[in-house]
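*Asks:* Sending over a structure as structure tokens; questions will come in a sec.
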Amino acid sequence: MDKDVIHIFDTTLRDGEQVPGCKLNTREKLEIAAQLEALGVDIIEAGFPVSSPGDFESVRAIAQLVKNATVCGLSRAIPKDIETAAAALSQAVRPRIHTGIGTSDLHIFHKLNSSRDQIKERAVAAVKLAKSFVEDVEFYAEDAGRTDNAYLAEVLEAVIKAGATVLNIPDTTGYCLPDEYGAKIRYLKEHVRGIDRVIISTHCHNDLGLATANSIAGVQNGARQIECTINGLGERAGNTALEEVVMIMRQHPGLNCTNNINTQMLTGVSKLVSDRMGMPVQPNKAIVGANAFAHSSGIHQDGVIKKRETYEIINPLDVGVDHSKIVLTARSGRAALAYRAKEIGFDLSKVELDHIYQDFLLVADQKKEVDNHDLEGIITKSRKKVSV
Ligand code: KIV
Ligand code: ZN
């Protein structure tokens, strides 16, 4: 059976850039956009053009630069926003306007001071206006995660009729549980007339640490686009991490999904984004964290040295890391010590290893990590002691 291709919609330059203190200039955004295109993302959300002249200029420049990916600009369901997005995207090879409005009662009554009927009308008007500029129009139902399913279905049916090509179902506040979010996508697939003509998109936030799980639940229930960011950057606790959903699809053939991402570029792009945004990646971050392929306990090290797969489900080469790391600490065993000694040119006999291991433990108890320089010192000293 052919695998379903899941479109990867990267919003690092829009939702990701909403992280406090994460301002990027146009040159940096262009550099990141070029790498995202090379990585193979299908859609780059380049910014929110009406938000500032700088953002307009960045979206315009990215639209000129990018040739293969779709370039998308965000707008609210406000004519000026949509017109500005259209102007910024006018030179894109594949432009998409992303427009939408809050659909949960909380948003409708408290933020927008409106009614369900009025919101539906505004949604339809926004899509029609966007459609007068571009063929590809994505509609987002903000706070869809907390929106009543029957009303959500009604709005979505209306925007499909108005010409929407993609329906974004954001869990804006990161509230949903995976089965709840998955069931929402399934409900929409089963209740919205015309939905088979459009693509359903997930857009999950990570307030409860469920963004990736929710995105995958969405895919399992019929979504064919995932909105995500490099390193999971985004508002508050962030968005779904691109590297996570891509590797989940790769590691779980049972999902029967594929995507166009060149996974070997993931680590490099993660480093670029982290550097340009000034946002360090937590060491234990899945896939791209410094410790994602590092082993420090003796039991794990022994296993990995014998066969990497005992403690690694991903081949580091697949994500652009050249090898797994055996970190020498006081928890390391002889196998790790011998392995690291060999890496720096010392082939230790069993007897020698026993001696050196005791000296190693003394140093390791003083230091968090024993590096190559320390190790060379320990071995040389120990050999001198024996030869005296
Ligand atoms: O989280 C959200 O709802 C959004 C929309 C603007 C798509 O970012
Ligand atoms: Zn968002």
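*Asks:* In the list Glu243, Glu309, which residue meets the criterion of being outside the structural domain of Glu142 (by TED's automatic domain parsing), in a helix (DSSP H, G or I) and at pLDDT 95 or above? Walk me through how you get there before you give the answer.
*Replies:* Details: Glu243 fails: outside the structural domain of Glu142 (by TED's automatic domain parsing).
From the options Glu243, Glu309, the qualifying one is Glu309.
*Asks:* State which residue is farthest from Arg224 (Cα to Cα) when the search covers only segment 1-40 and only residues that are surrounded by 15 or more Cβ atoms within 10 Å (Cβ to Cβ) and among the polar types (S, T, N, Q).
*Replies:* Thr26
*Asks:* Continuing with this model, one more query. Since His107 meets every condition but one in (1) in contact with a helix residue (DSSP H, G or I) (Cβ under 7 Å, 6 or more places away or on another chain); (2) surrounded by 18 or more Cβ atoms within 10 Å (Cβ to Cβ); (3) of a type outside the set (Lys, Arg), which condition does it not meet?
*Replies:* Failed condition: (1).
*Asks:* Could you tell me which residue of segment 41-54 is nearest to Asn239 (Cα to Cα), considering only residues that are away from ligand 2 (no atom under 16 Å from the Cβ) and crowded, with 23+ Cβ neighbours inside 10 Å? Steps first, answer last, please.
*Replies:* Residues of segment 41-54 that are away from ligand 2 (no atom under 16 Å from the Cβ), as a first pass: 41-42, 49-50, 52-54.
This time we only want the ones that are crowded, with 23+ Cβ neighbours inside 10 Å, so: 41, 49.
Numbers: Val41: 16, Pro49: 20 Å.
The extreme case among them is Val41.
*Asks:* Further question on the same structure: From Glu227, Glu235, which residue is modelled with pLDDT under 95 and within 16 Å of ligand 1 (Cβ to nearest atom)? I'd like the intermediate steps shown before the answer.
*Replies:* Details: Glu227 fails: modelled with pLDDT under 95.
Of Glu227, Glu235, the one residue that is modelled with pLDDT under 95 and within 16 Å of ligand 1 (Cβ to nearest atom) is Glu235.
*Asks:* If you scan segment 361-385, which residues turn out to be surrounded by 11 or more Cβ atoms within 10 Å (Cβ to Cβ) and under 16 Å from Ser296 (Cβ atoms)?
*Replies:* Passing the criteria: Leu361, Val363, Ala364, Lys367, Glu369, Val370, Asp371, Asn372, Asp374, Leu375.
*Asks:* Among the listed residues Ser58, Ser75, which satisfies the condition of being in the same structural domain as Ile119 (by TED's automatic domain parsing), more than 17 Å from Thr229 (Cβ to Cβ) and crowded, with 22+ Cβ neighbours inside 10 Å? Steps first, answer last, please.
*Replies:* Details: Ser58 fails: more than 17 Å from Thr229 (Cβ to Cβ).
The conditions single out Ser75.
Residues are listed down the side, and each one gets a yes or a no for (1) in a loop (DSSP other than H, G, I, E, B); (2) assigned by TED's automatic domain parsing to the domain that holds Asp10; (3) over 29 Å from the mean Cα position of the chain (by Cα); (4) touching a residue at least 40 places away in the same chain (Cβ under 8 Å):
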residue	(1), (2), (3), (4)
Ala86	no, yes, no, yes
Ala92	yes, yes, no, no
Ile101	no, yes, no, yes
Asn113	yes, yes, yes, no
Gln118	no, yes, yes, no
Glu121	no, yes, yes, no
Phe133	yes, yes, yes, yes
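*Asks:* Here is a list: Ala63, Ala153. Which entry is touching a strand residue (DSSP E or B) at 6+ places or on another chain (Cβ under 6 Å) and either over 30 Å from Gly182 (Cβ atoms) or not β-branched (Val, Ile, Thr) (or both)? Break it down into steps so the answer makes sense when it comes.
*Replies:* Details: Ala153 fails: touching a strand residue (DSSP E or B) at 6+ places or on another chain (Cβ under 6 Å).
That would be Ala63, the only listed residue that is touching a strand residue (DSSP E or B) at 6+ places or on another chain (Cβ under 6 Å) and either over 30 Å from Gly182 (Cβ atoms) or not β-branched (Val, Ile, Thr) (or both).
*Asks:* Tell me the residue from Ala336, Ala286, Ala341, Ala292 that is modelled with pLDDT of 95 or more, surrounded by fewer than 17 Cβ atoms within 10 Å (Cβ to Cβ) and of a type in the set (Gly, Ala, Ser), please. Break it down stepwise before answering.
*Replies:* Numbers: Ala336 fails: surrounded by fewer than 17 Cβ atoms within 10 Å (Cβ to Cβ); Ala341 fails: surrounded by fewer than 17 Cβ atoms within 10 Å (Cβ to Cβ); Ala292 fails: surrounded by fewer than 17 Cβ atoms within 10 Å (Cβ to Cβ).
So the residue among Ala336, Ala286, Ala341, Ala292 that is modelled with pLDDT of 95 or more, surrounded by fewer than 17 Cβ atoms within 10 Å (Cβ to Cβ) and of a type in the set (Gly, Ala, Ser) is Ala286.
*Asks:* Quick one: which residue in Asn25, Asn68 is more than 19 Å from the chain's Cα centre (by Cα), in the same structural domain as Ala153 (by TED's automatic domain parsing) and within 30 Å of Pro253 (Cβ to Cβ)? Don't jump to the end; show me each part of the working.
*Replies:* Numbers: Asn25 fails: within 30 Å of Pro253 (Cβ to Cβ).
On inspection, the qualifying residue turns out to be Asn68.
*Asks:* While we're looking at this one, here's another question. Listed residues Gln35, Gln18, Gln64; which is within 26 Å of Ile199 (Cα to Cα) and in contact with a helix residue (DSSP H, G or I) (Cβ under 6 Å, 6 or more places away or on another chain)? Steps first, answer last, please.
*Replies:* Details: Gln18 fails: in contact with a helix residue (DSSP H, G or I) (Cβ under 6 Å, 6 or more places away or on another chain); Gln64 fails: in contact with a helix residue (DSSP H, G or I) (Cβ under 6 Å, 6 or more places away or on another chain).
When all the criteria are applied, what remains is Gln35.
The values are calculated or read from the model by the stated rules, or taken from the named source; none is laboratory data. Not measured: the values here are computed from a predicted model. Methodologically, a virtual Cβ is constructed for each residue, glycine included, from the backbone with ideal geometry; neighbour enumeration extends over all protein chains shown.
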